[in-house]
Each structure stands twice: as structure tokens, then as C-alpha cells.
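See structure below.
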Amino acid sequence: MDNKNSIFIRISSPDKLIWEGEALSLSSVNSQGPFDILPYHANFISIIENQPLKIRTPVKTEQFVFPNCIIYAHGNKVIVFTNL
């Protein structure tokens, strides 16, 4: 995937890596409403509770739902911490 059009995403819990790779976007809903994180997004942090995380790749869309997670976007990377 072309790095100019992708963002690196990692989803992990305290005990394992859940998903990792390059993607086109990450979408979800926080207390303020729906949002999308695209390549080269501004720094961003949010808490997500019982809402789907949708990771769009050129091949498919992956979806995960966790009771709670923290999303941290910085430097064209998105780190998601789950099951805290």
C-alpha cells in the first residue's frame, strides 16, 4: 500500500496483539459523535465505549467492538488500547 494514502493501525489489549497493519481509515463513534481518522490526521485521543471500530483497507473492512478502548493518533499512526 502507498504510504501517502495509508495509516498504520495497531489494536492491542494488555495481553495480546489484536490487529496491526496499514489501512485507509479508522472510523468509530465517541461521545461527540461519529469520526474518521485518515492518513496524516491531526493528533487525536478519544475514549470509545461499546461502539464499532471500522478499519478500512483496500481489500476489506474489519470491524471490532470492545467494552472500552482508548484511541491515540499521532504521526500517521493510530494505537488502540483495549480491555483496560
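Rounded to the nearest 20 debye, what is the charge dipole size of the stretch 3-82 about its Cα centre when +1 sits on each Lys and Arg Cβ and -1 on each Asp and Glu Cβ?
Its charge dipole is roughly 180 debye.
List the lysines whose Cα sits under 19 Å from the Cα of Lys77, skipping any in the same chain fewer than 8 residues away.
Hits, sequence-local ones excluded: Lys4, Lys16, Lys54.
Laboratory data are not the source of any read-out in this text; all were calculated from the coordinates shown. What you see is a predicted model; the values in this text were computed from it and never measured. When we count neighbours, we look across all protein chains shown, and the Cβ atoms used for this are built from the backbone with ideal geometry, even at glycine.
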